[in-house]
Structure formats: structure tokens, C-alpha cells
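First up is the structure itself, then whatever we jot down about it.
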Amino acid sequence: MKITVRVWRQPNSQAEGRMVSYQVDDVSPDMSFLEMLDVLNERLTHEGEDPIAFDSDCREGICGMCGVVINGEAHGPVQTTTCQLHMRAFADGDVIDVEPWRAEGFPILKDLIVDRSAFDRIIQAGGYITAPTGAAPDAHATPVPKDDADKAFDAATCIACGACVAACPNGSAMLFTAAKVTHLGLLPQGQPERDSRVLGMVAQHDEEGFGGCTNIGECVAVCPKGIPLETISRLNRDLLGALARGDRN
Amino acid sequence: MTDPQAPSLGVDANALYVEGDPIADTKAPDGPIDDKWQRRIFSARLVNPANRRKLSVIVIGTGLAGASAAATLGESGMHVKSFCYQDSPRRAHSIAAQGGINAAKNYRNDGDSVYRLFYDTVKGGDYRSREDNVYRLSQVSTQIIDQCVAQGVPFAREYGGLLDNRSFGGVQVSRTFYARGQTGQQLLLGAYQALERQIAAGTVTMYTRHEMQELIVVDGRARGVIVRNMVTGELETHFADAVVLASGGYGNVFYLSTNAMGSNVTAAWRAHRKGALMANPCYTQIHPTCIPVSGDYQSKLTLMSESLRNDGRIWVPKRAEDAELDPRDIPEEDRDYYLERIYPSFGNLVPRDIASRAAKYVCDEGRGVGPKVGDFRRGVYLDFSDALSRMTQAQIAAKYGNLFDMYERITGESPYEVPMRIYPAVHYVMGGLWVDYDLQSTIPGLYVAGEANFSDHGANRLGASALMQGLADGYFVLPNTIGDYLADGPFESIDESHPAAVEARQSVQARIDRLLSINGERTVDSIHRELGLIMWEYCGMERNEEGLRKAIGLIRELRTEFWTNVKVLGSNEELNQALERAGRVADFLELGELMCIDALHRRESCGGHFRSESQTEDGEALRNDDEFAYVAAWEFGGGDQPGDVGKPVLHKEDLVYKFIELKQRSYK
């Protein structure tokens, strides 16, 4: 296959960026999208041109480090992570636009790399259960209904890639936030901090410059882990309850 | 020091290494094995809560071991500085572990116990691990599950609400706890959340996109690190009373592995160059169930959890000429379920090293399947059709859904319809920095946890034991032993003008300047890939004297090529991914040689280290306990210049088996 990629190039966070076009020959349909960029980068290096900077680490769809907007869609045409997207999803002669996540909460560092540290700060604001090492009772002390455990797991599979934010017209990170609120809120161990968690995390979410959720649902359409929109309803319920119960935060 | 008694190595002037003094003491308490750990906890000096606030610890890496250690030390009141090269601590590669975590809970009532987990781990490691450490690991395993459940890790449960278990390779009990096929992810997020809680509490300061470049040793103690801010390029100097390396394994020396793209040896290798011994570096685990290579552009290999071997059956055609047929058209009588045939009692659940080599042999015989890579087809079938007739597709999906989906995304084939194709790939390294019972390296104040140390898995790690060890080290072992060292602290206050810090920083700067100034013809990746091919060919699943000698020569040539002909564009003062990779590959090029020397000197087969000269009549690994029942701990023998590795010095730690009888492993 021969394809053309038009890539966002921006040397650093202060510089202006622009789209630059590159022709890539000898693309195999079995290559991953990032391997196609690797091949392009090898060529750019030989030609003395700065290779395209992009994030990736595990390249098996679980670490959440990769993620670019491909032809206007977060992670591209298949609902998976960018590293798991393969070139068989494209056709010979395609022109493919590649851009970084664009959101107020995710400033660009270089080319396709953005700063997602806001997600860590949202977790710091309550996305945990206080269980100091060594203080735990036996694992079987509290049975958890299988259905609750399974639903908690489904929400806990969020990889914090940020596609939900990139896809949202409001630049909202509510699906990410709700996934953690749902995971911990469904488990008996998560109950004592349930109110303070949702209040703290939502406040931090807003402080980071992410927009509000208006239930558009673009986030779930691109989420590589299939986190359901229902998690946001659950967050809203928890939030209203916590606000109604008053000042536990 | 004397030259080793190894005539076949053609020693004298050309000796590849020299032998130094043996290691006399691992600092494990004497006496009965079942209360050694309790006695060590009691004998370790404590630091009172008020004084803990005056102490500081640097932790490199935020995988299971690093994140759990940083969080736990932070909870105790110490000041912790935590570093990771990724954009968030949650990305560390522990997250990719799929199958599960072992614990001797005996919730199944199937005869499990701490002693049995201990026994299985020592046996699985082919009698090349330290009994005391493994016993402690087994003891601590039960606490890990309790801790993780309390944190909200959503383990798989049964309808009664209690935890589910599965069985794993190399054992006959069900002691593996799991969270679908994403156990590593869920355990890491538990540790990550505990870490973030401490960051919010102010006990831990987090530095993301920072990579360790050098260790600072002052008056014989590890006192700090030089790190590079990967966004600005700034070299930063950080000091503490102790340094913990939890920087993971070095499987990427093979270029293609199941490790993350950024996984590297630099932190450990820099410590090694400063005096920390590197133990058993040749012990590499080749995982039997990975997706086969599809082309030259391949950047990494993807694991399919070995839990799949519980329900999948491995086979190849009996006849090489059937290799191109649709596997569904090959009748039962023309299939060779070779693991079930050769190992009737363990069948598809034999340990990883045995399963891997068996796959290599059937492919070497020409009976492999899938596309040809070179002259051979490198793949075997992992077939779920029996399981699919026994269980519904929904039941299979509940157990393996994400793995099946991942396989289909990568290969374009659905395992519900066509058997998977799998082949072994480098997955884990049992070798690592040498540590004593307290997890302290040979540099006082430098502790090593998780895959970065060598301590628990001997020559082969059993499935679901890496997560167990990482969390055991980070949550329970290290926090109980490091206090004994820190009881002498806080140590003398030092700043960036200290000669040791200046020297460390200048050496890092000089190395970076040199990498940027070569401006040759070869990209970093092309050299890394070439190194990987050398390692895989000569220091992979099967090794021999001739190949290893050849590999050492090739690596030396390649290292020269790297330092004279690599091309790294751009500057240090920017986000420069090629420069990051160049620094890592430079260290892999030194490590690769040591791995080959270690493999060459160990003229026996054990676990993942298979020397073709040392095998039984059946082609199984043949140990030589009389000569090699020891840990090979290597001291750096080279100079300051990049690439100058000199002659390493071998220190032997004898492995004494007081509780388990050494036997030839048999899984038949």
C-alpha cells in the first residue's frame, strides 16, 4: 500500500504548529498504525528531518499511553487504541490526517504528544480507597456479589488514554472521572469515601479546565475499553446524593 | 583473584572474565525456615514516626514494586521522590500482565499451603533460587490478596461473592487470583491509586517523564540520582538517604519482546557500573504463548496469557505437508498434541520453558504453521474447539474475551472460529541486580525490587508469580527491611556541588553530547534490531559454546558501530525520543555481552537457560548441581568510557538447599 499522512508538527508547547504531508510507500496491511509511523521516522532520520514525536509504550492496548486523532476520530476508524489499529483498516492511496488530542486540559508538548497529568490530579482528588498497607482484613471477610464485582471491573478497565476528552465537543473528562467513581462506588470497600470521592473528583475535573458533560455520547463511541455511558449517570446520582447529604467533603 | 577453572573456555590471556571472592552472607537469619521472616522483621531496627519525617527515599519506577513501595514508604511518613519515564505512573508495564497472581490461600481446599507454593516455586525455578527468599514470598503472598481486595481491586468472584481461582502452568492446585485477563492492570491501578493518595497527602513527590541516567554514590552509600527531564532535557540532581530501583526487566535487549517500548536496563546498568553486582543475567524467560512475528517492521510482540493453556490445546500437524491446510480441515488423527503426548500428567500446563522449547523443536522439524519467516514456519496452534464444545461462547468470552479480541485485532482472525497461532517470545528476565535477604544490593543504601532484582525465580519463573513478587517486595518486604538501614540516617546533607554529584552529572552530560555529535549513518533502532537478532539467535531459547562466542564478537563489533556511526538528530534541550532510545540501546549493548558471558560460563542447562551441550536423552534440561548450584553475581570490570566493559568479575553465592531436595525436574 502507498498512503499519504498529514501530520501535526509542533516543535514545543510554545511554538506554532502546522500540518505536514508525507508519502509512505511499502505499507503492509499487517503493520500497526504506529509501526507505519516508525517506518516513516526511520526514513525522516536518514533524511535529516526531525522524526515525529508520539507517545506509546506497551503497544498492546492496555497502558493508555498512545492516542492520536486520525481523520478526525480519536484513535481512528476502529474503536480501539491507536497502537492496536492496523493498516488493514485503510486502503491504498488513502490520505490520513494525524493530530494530537485537542483539549484545554491537555496542552501539547511536541507534535502528537500532549500533557495528560490532569488525569493524575483527578485521581489524587479522591480516586482511591484509603487502605494503608498492612491494615487489610482477610480477602474473604466481605463477600461481593458477582454482578457488582463484574460491573466494577468493567468500569475499572479504563486506561486513561484521554480519547473521551478528545472526542467530546465540550472537552469534558466526565467518562474518565465517572469510570473511577463507578468502579469504587460499586464495591463495599468503596462506601466510606463515596461522597467525598465524587465531590473531590468532580471539583478537580472542573478546575483542570475540562468542560461539562451534556450527554452527547461521543466519548463512549471512541472509548477503546467500552466504558458505558451509564457510568456518567451513576456519577450524577452519586454527586446529587453527596451534595444533598451536605458537607462531608 | 584467579582465572576460572574452565579449560574449554580457552582461558589465559583471552579469558572473558575473572573470578573473585565468593559471596559469604545473604543476611538471612538462621534457624527454621517458617519463622525467618518474622525474626528478620523483629531484628530489623525501627525508625520512630517522628524521625521518619526526616528521612527521604528515591524510588525509580512505578510498576507494581515501585508504586507499592513508594506508597507504603510514604504512608510510613518518609519523604519519597518517585520517578517514571512515562507520562503517568499508571502506565508502567506491570499493567500488561494478563493472567493472575498466586497466593497460598488454599481457598479451594485442594491441598495448597505456604510450603507447597514455596516448593512449586523452587522446583519451577529449577533449583536455582534462594530458599529463604522464596519461602518468604510464599508467606507474604496471602497478605497481598487481602491488601488488594481492601483497595478495591475487582478480582473475579463466584456467585456466592467469594473470590474465584484458576490454575496455572507448573502447578496442580488452583491458587491464582485474577481479574479477567487484566490482572496486572487492576493490581497496578490499586498500587497507583495508593500512590496518588500519598502524592495528594504530600508524602510522595512524583516526577513523570523523568528518566534515571546515573546513580550518585557518596562515601560508599547510594545517595541520589541524576535524572533527565524528558520534556526539557534538563539534567536534575536528586538526593535522598536511600535509593530503590524498581525499574523492571531488560527483555528489550532482544529488541522484540513483550515488554513495553520504553522498558530498559539503564537504571540497573548504571547502578551495576557503579558497583552493584548483576546476578544471573542470562536467565531469560521465553513465554510460550505469544502472537508470531508478521514482518520486518515489527516493533514488539504481544503475549497471549498462558491462562489460555487451561482451556486451549496446543498442536501441530503430524506431517509437515499439512502445514498449509486450513487447520479445521485437518482430522484429529493427523494432529500431534505434542505437549499432551510427551508430558501426559501436566499436558498443556507444563512450565513455560518446556512449552517454549517444545514449540521450537516441532517448528525446527518443519511442522510449524502460519507464514514462513526465513526458512521455517514459526507458529503452533492453540485450539479452543474442545472448550467451545464443552462451554458456551459466552462462558469462554467471560474468561478470555479480551484476549480473543486482542488476537483478532492484531491478526484479523477470530479464535472462536480458527485456532490461534502462537510462538514463544522473550517475556521476562529472572536475572537482575543481586540483592541480599533485605533486598539491598552490594551498594549500601541501594535497594532493588521487583523484576529488576534477581531474587526469587531462580532459572525460570512460574506463571502468576511476577505480580506476586512485585507486590511482595513493594508492600511488605522492602518497607520492613529498609528501616534497618535508615535507622542510621538521616545521612550527611549534601548538595549539587558535592564532587560525587558533579562527577555523575558531568558523565551524563558527556555521554549525551557524544551521542548527539556522532551524526553517522545508522538509526538507533536499526542497531537495536541487529542486537536483538544476535541475542535471539545465540542467547535465546537454546545456547551453545560456539554460538555464544560468536555472539560476543558480534556484539563488540556492533557496539563499536554504535559509538562511531549512530545518527541521533536534534538537541538535548528538547523532547527528543531518539536520544532517549540511544541512551537505552547504549546500555543494552553492554548488557548483551555480559548475558552471553554468563550463559557461556554456565555449562549446564537449568530452567530458561538451555545449553544444547547439557541435556538428557529425552532432550530435557540437564543441570549440573555439583558445579553450578550457585548464583553468578557479576561485578563490572570496565572503565568510565561508554562501551568499555572490560572483564567482568564473577562472585559466586552458593545455593544451599536445606529444606527441599534437589531433583531433576519432571513434568511427565
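Observations
- Bridges between two residues of the range A:3-110, per DSSP, are antiparallel at a rate of about 75%.
- DSSP bridge orientation in the protein assembly as shown - percent antiparallel, rounded to nearest 5: 70 percent
- Efficiency of FRET between A:Asp150 and B:Glu413 - r from beta-carbon atoms, R0 25 angstrom, step 0.05: 0.35
- Cα→Cβ-extended label distance, 7 Å offset, between B:Glu503 and B:Gln641, nm: 1.9 nm
- Base-10 log of normalised Debye intensity for the protein assembly as shown (one unit scatterer per alpha-carbon) at q = 0.06, 0.07 Å⁻¹: -0.37, -0.52
- Take each peptide in B:596-604, B:367-375, count the other Cβ atoms within 10 Å of every residue, and average; sorted highest first, the result is B:596-604, B:367-375.
- Here the 3J(HN,Hα) profile of the range B:311-316, calculated from phi with Karplus coefficients 6.51, -1.76 and 1.60 at θ = phi - 60°, is 10, x, 10, 9, 7, 9 Hz, Gly and Pro shown as x.
- Alpha-carbon centroid distance for the pair the range A:32-94 / the range B:460-478, whole angstrom: 34 Å
- Residue by residue, the range B:420-434 carries 3J(HN,Hα) couplings of 5, 10, 9, 7, x, 8, 5, 9, 7, 10, 7, x, x, 5, 5 Hz when phi is fed to the Karplus relation 6.51 cos²θ - 1.76 cosθ + 1.60 (θ = phi - 60°); x denotes Gly or Pro.
- At most 15 other Cβ within 10 Å, DSSP loop - GluC sites (Glu not before Pro), the range B:440-500: B:Glu492, B:Glu496
- Cut-off 14 Å between beta-carbons: net charge of the residues surrounding A:Gly209, Lys and Arg +1, Asp and Glu -1: -2
- Sites listed here are trypsin sites (Lys or Arg not before Pro) in the range B:12-101 whose DSSP assignment is loop and whose Cβ has at most 11 other Cβ atoms within 10 Å: B:Arg45.
- Exposed GluC sites (Glu not before Pro) absent: longest stretch of chain A, with sites in DSSP loops and at most 16 other Cβ within 10 Å deemed exposed: A:105-249
- Between amide H atoms placed 1.01 Å from N, distances below 5 Å from B:Asp336 occur with B:Val316, B:Lys318, all of them 5 or more places distant or on a separate chain.
- With 29 Å as the limit on Cα-Cα distance, the pairs of A:Lys2/B:Lys567; B:Lys36/B:Lys663; A:Lys146/B:Lys360; B:Lys81/B:Lys647; B:Lys360/B:Lys550; B:Lys54/B:Lys652 that go past it are A:Lys146/B:Lys360; B:Lys81/B:Lys647; B:Lys54/B:Lys652.
- Taking only the C-alpha atoms of chain B, the Rg (one decimal) and the largest Cα-Cα distance, Dmax (whole number), read 23.9, 75 Å.
- Near B:Asn165, once Lys and Arg are set to +1 and Asp and Glu to -1 for all other residues with Cβ below 12 Å from its Cβ, the sum equals +1.
- Given their separation in residues at 0.36 nm each and the Cα-Cα distance between them, B:Glu340 and B:Arg328 gain 2.4 nm when the chain is fully extended.
- If you plug the beta carbon distance of B:Glu627 and B:Ala487 into 1/(1 + (r/R0)^6) with R0 = 30 Å, you get a FRET efficiency near 0.15.
- With a simple spin-label model that places each label point 7 Å from the Cα along the Cα-to-Cβ direction, the separation between B:Ala15 and B:Asp654 comes to 2.1 nm.
- Net charge contributed by nearby residues that have their C-beta within less than 10 Å of B:Arg522 (K/R +1, D/E -1): -3
- Amide proton proximity set for B:Val218, modelled H, under 5 Å, gap of 5+: B:Arg223
- The GluC sites (Glu not before Pro) found in the range B:167-269 that occupy coil by DSSP, while having at most 13 further C-beta atoms within 10 Å, are B:Glu234.
- Cα centroid separation - the range B:575-641 against the range B:422-451, whole Å: 13 Å
- Shielding score for B:179-190, defined as the mean number of other chain Cβ atoms within 10 Å: 4
- From phi via Karplus (6.51, -1.76, 1.60), per-residue ³J(HN,Hα) for the range A:202-218 in Hz, x at Gly/Pro: 5, 4, 5, 3, 5, 5, 6, x, 6, x, x, 8, 10, 6, 7, x, 4
- Relative packing of peptides B:267-277, B:551-561 - highest average C-beta neighbours within 10 Å first: B:267-277, B:551-561
- Here the label points at B:Lys54 and B:Ala394, each 7 Å from Cα along the C-beta direction, are separated by 6.4 nm in the simple model.
- On Cα atoms only, tilt of A:174-185 relative to the major axis of chain A in degrees: 40 degrees
- Amide H partners (placed H, <5 Å) of B:Tyr447, local residues excluded: B:Val243, B:Val244, B:Leu245, B:Ser441
- The protein assembly as shown, dipole about Cα centre (Lys/Arg Cβ +1, Asp/Glu Cβ -1), debye to the nearest 20: 1720 debye
- Theoretical FRET efficiency, 1/(1+(r/R0)^6), r = Cβ-Cβ of A:Ser21 and A:Arg102, R0 25 Å, to 0.05: 0.80
- Taking every residue in A:117-130 and counting other chain Cβ atoms within 10 Å of its Cβ, the average works out to 6.
- Cα-Cα pairs of the range B:496-624 separated by more than 26 Å (percent): 39 percent
- When the C-alpha to C-alpha distance is required to be over 18 Å, the pairs from B:Lys123/B:Lys658; A:Lys151/A:Lys225; A:Lys180/B:Lys399 that qualify are A:Lys180/B:Lys399.
Here, each number is a calculation from the coordinates, and none is a lab measurement. Just so it is clear, the structure is predicted and the values come from calculations on it, not from any experiment. Cβ sites come from the backbone with ideal geometry, for glycine too, and all protein chains shown count toward neighbours.
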